[in-house]
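Note sheet for the following structure.
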Amino acid sequence: MAQHTASIAWDRNGAVFSDGKYSRGHTWKFDGGIEVPASSAPDVVKPPLSVVEAIDPEEAVVAAVASCHMLWFLALAKKGGFIVDSYRDEPSGEMGKNAEGKTALITITLRPRVAFGGEKRPTEDEFASLQREAHEQCYVANLLKSEVRVEPAMT
């Protein structure tokens, strides 16, 4: 089995800490070497204690689901003999109370917009089937308890 790793680093940087007024800004570093600034979501911890320009865990989960779905869709479209010219998505996640009454990402909505090239184009039914299969295969979506919606469109 493949193993996927990241490292997360945070430093107090002289803040008192016990008063709760410490920065939530930290860094994610991935195995390929890229470093990404991260923080708590600004709606959870108000700026300046959150770093508005950084990625927060909630939006990272939304992006990870959308990215996984897209990669599966592209592989399945290729297998089906279709040529994808472009794929765009503007996913969103809704926070709320889950069935256990805990605050969670309760719904993630994907909105893939796909343009096809070449002579062979999917029918609406084939397109919907590709989207369903991509959703079923996406391991990131499969690990979540939250509902993940897919609202695709061909362009």
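Listed by first and then second residue, the pairs with beta-carbon distance under 6 Å, at least 6 apart or on different chains, first residue in segment 102-127 and more than 24 Å from Asn142 (Cβ to Cβ), second of a type in the set (S, T, N, Q) and part of a strand (DSSP E or B), are Ala115/Ser86. Each residue in segment 45-62 was checked for being under 19 Å from Ser92 (Cβ atoms), surrounded by 15 or more Cβ atoms within 10 Å (Cβ to Cβ) and of a type in the set (A, V, I, L, M), and 4 of them qualify.
Filtering segment 63-92 to residues that are under 24 Å from Ile8 (Cα atoms) and either hydrophobic (A, V, I, L, M, F, W, C) or buried (at least 20 other Cβ atoms within 10 Å of the Cβ) (or both) leaves Ala63, Ala64, Val65, Ala66, Cys68.
Within segment 1-37, the set of residues being among the basic types (Lys, Arg) and not in a strand (DSSP E or B) comprises Arg12, Lys21, Arg24.
If I ask for residues that are more than 16 Å from Val84 (Cα to Cα), surrounded by 15 or more Cβ atoms within 10 Å (Cβ to Cβ) and of a type in the set (S, T, N, Q), which ones from segment 127-155 would you list? Answer for segment 127-155, where residues must be more than 16 Å from Val84 (Cα to Cα), surrounded by 15 or more Cβ atoms within 10 Å (Cβ to Cβ) and of a type in the set (S, T, N, Q): Gln137, Ser146.
Scanning segment 78-131 for residues that are closer than 27 Å to Ile55 by Cβ and among the aromatic types (Phe, Trp, Tyr) turns up just one, Tyr87.
Report whether or not Ser40 is assigned to a loop (DSSP other than H, G, I, E, B), buried (at least 16 other Cβ atoms within 10 Å of the Cβ) and in contact (Cβ under 8 Å) with a residue 24 or more places away in the chain. Taking the combined requirement at face value, the residue does not satisfy it. Annotation note: Cβ proximity below 7 Å between a residue of segment 65-81 that is closer than 13 Å to Glu133 by Cβ and a residue that is polar (S, T, N, Q) (sequence gap 6+ or interchain) occurs for Trp72/Gln137; Phe73/Gln131.
We did not get these values from a lab; they are worked out from the coordinates using the rules stated. These numbers were taken from a predicted model, which means no experiment stands behind them. Here the Cβ is made from the backbone with ideal geometry for all residues, glycine too, and neighbour counts use every protein chain on show.
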